[in-house]
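No lab work stands behind these numbers, since they all come straight from the coordinates. Because the structure is a prediction, the values reported are computed rather than measured. Note that each Cβ is placed from the backbone with ideal geometry, even for glycine, and that neighbours are counted across all protein chains shown.
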Amino acid sequence: MAGVAGLFASPAFPFPSTSASVSSCSCRFRPAVARAPRHTPPGRRVTRRFDEVEGVSKRRRGIGGGGGGGSQASSSSRKDRGLAVDFKESQVAEFEDLEEDKFLNAVVKVYCTHIAPDYGLPWQKQRQHASTGRQVKVKRRGDDKKYIAKVLARGIECDLALLSVENEEFWRGTEPLQLGRLPCLQDSVTVVGYPLGGDTISVTKGVVSRIEVTPYAHGTSDLLGIQIDAAINPGNSGGPAFNDHGECIGVAFQVFRSDEAENIGYVIPTTVVSHFLNDYQKNGKYTGFPCLGVLLQKLENPALRESLKVPSSEGVLVRRVEPTAPASKVLRKGDVITSFDGVAVGCEGTVPFRSTERIAFRYLTSQKYAGDVAQLGIIRAGNTMKVQTVLQPRKHLVPFHVEGGQPSYLIVAGLVFTPLTEPFIEEECEETLGLKLLAKARYSLSTFEGEQIVIVSQVLAHEVNIGYEHMGNQQVIKLNGTVVKNIHHLAHLVDNCKDKFLTFEFEDDFLVVLDREEATTASSDILKEHAIPSVRSSDLSEPYVDTEQEIQKPNDDFGDSPVTNYEMGVDCLLWA
């Protein structure tokens, strides 16, 4: 599967640049933005030009014996039912005005070869697939040469990536696109891409249907999105969307498929693209979109507002605060947030947007960068006050993506330990995990920095683990009485154990006791039998530094609400 990207000139960079869904940038830092897996869209003049090139230009053929070249018979022409064609003349239209074609030439096709990890067997990888991943190559329109690209940054939550092409030949003669402003409703939009495996560029046209904060399926985050009715199909991923002036107004990335709806596609707007590029420029890497880390409830009901001593129809109620979020130091359950950096927050959780519109409160936090400070106006027990907090990206207890692309693992006497992640859940199927583990993944918050749910994914049978060989997908809670914080901490506890036995306590009070010396001796046989290169992943070979300070859990249970808006079943609750 090939992706597509566009070359952009962004105000954030004082040099020629390029952008697309999966972006790329040369050694001189000319960035091209591109999508990080899933969907894509662009202009008026393009449609007209494509109409002109249907086989034979109307200027060059006569219908019904009418004028134009080829209307006269010759030794090289044929008359049949009034149609005259001069076969000496080219049957493909040539264009003298190449200005109209420039923005199409700035769109490149992206070829990716991806090797996905095997989360069930974390020491190896799956078969190689053509996708969006490790080896990346790009090809310009009208060129038959593919150029190797280097991935500089991946913004998984915003579905973008930044690519760099160091070969100067690739950049020769390129003219970057201009990033346009956020469009208005009913504005025309043209999407350019290579859908369904095609080798030539494809153009679809539509209008802007809606602009709002929308879930990004790939990154499970809520960011500003442009809804359009132009066709977006597999292979359009990363393709730029253009307005009538030839300016890029975003990058196509996903569609909504339903039997009850048609032609609903989404574009990543230039506001999100620019945030991604500016983040990389400021920090030398992608740090993410920050948030408050609070679960909010709308305050539409007058009685609810009166009970909280909120004088007017404003503000949203804080129901939960993530223990690891900086906001936990200044916000409490029961506070009402009435403003964010001086912008009033409405009782429906919306803020003013442009002149006559309103948009979800999450839009304001997404405009910030990691480490920025925000001032909040709050009402606490009827008292109005101002507080300040630092904004940081959310860190989920069960991450939606694995950093580095390879899962951590630790093998002790054939017991394979690994952190619980969403890719693991997808690979194993939810039915095999059990309701209790799934509930933790969907409803639990981290209580301290670096916390992980560590599970035994399987047991490699050996006489040392007789009686335990059928256990799997169970969370380890303690080792020799010490609470396990994460898999690196577990490896540290195993390495430094001097007791005769290794005593593992699992969820539901299941107990595993192993003779420590026998377990060590059996490891080499187990590795050899299963062709495993090492008892642990390379990241666990580094010395463990215990910097994670556990936070005392409040009395309320951290299992009442889903940890993302993606699975939130109550419309009046929202994470921000």
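Computed from the C-beta positions of residue 124 and residue 303, the FRET efficiency with R₀ = 60 Å rounds to 0.50.
Amide H contacts under 5 Å for residue 210: 227, restricted to partners 5 or more places along the chain or on a different chain, H placed in the peptide plane at 1.01 Å from N.
P(r) tail for the stretch 187-283: Cα pairs beyond 21 Å make up 31% of the total. Spatial offset of the stretch 243-258 relative to the stretch 477-532 amounts to 51 Å, using the alpha carbon center of each.
Rounded, prolate or oblate, given the Cα gyration tensor of the stretch 352-399, with a/c below 1.5 counting as rounded? Cα axes put the stretch 352-399 in the oblate bin. Rounded to 0.05, the FRET efficiency of the residue 259 and residue 386 pair, given R0 = 35 Å and the Cβ-Cβ distance, is 0.10. Less than 5 angstrom separates the built amide H of residue 458 from those of 416, 473, all sequence-distant by 5 or more or on a different chain.
In the stretch 368-445, the C-alpha radius of gyration followed by the widest Cα-Cα span (Dmax) gives 19.2, 59 angstrom. The phi torsions of the stretch 235-241, fed into the Karplus equation with coefficients 6.51, -1.76 and 1.60 and a -60° offset, translate into couplings of x, 6, 3, x, x, x, 10 Hz, rounded to whole numbers, with Gly and Pro shown as x. For the stretch 410-541, the calculated P(r), taken from all Cα-Cα distances in 5 Å bins from zero up to the bin holding the longest distance, is 2, 10, 20, 24, 22, 14, 7, 2 percent. With only Cα atoms counted, the stretch 290-393 has Rg and Dmax values of 12.9, 37 Å. Please go through the residue pairs 333/440; 285/386; 309/485 and name each one whose alpha carbons sit more than 30 Å apart in this structure. Cα-Cα > 30 Å for 285/386; 309/485; rest within. With the convex hull drawn around the C-alpha atoms of the stretch 325-471, the volume per residue stands at 175 Å³. Amide H contacts under 5 Å for residue 453: 420, restricted to partners 5 or more places along the chain or on a different chain, H placed in the peptide plane at 1.01 Å from N.
If R0 is taken as 41 Å, the Cβ-Cβ distance between residue 135 and residue 466 corresponds to a FRET efficiency of 0.40. The order of the peptides 221-227, 362-368 by mean Cβ neighbours within 10 Å, most packed first, is 221-227, 362-368.
Among 380-391, 405-416, 244-255, sorting by the average number of other beta carbon atoms lying within 10 angstrom of each residue, highest first, gives 244-255, 405-416, 380-391. Computed from backbone phi with θ = phi - 60° and the Karplus coefficients 6.51, -1.76 and 1.60, the 3J(HN,Hα) list for the stretch 167-172 is 6, 5, 4, 4, 8, 5 Hz; x is used for glycine and proline.
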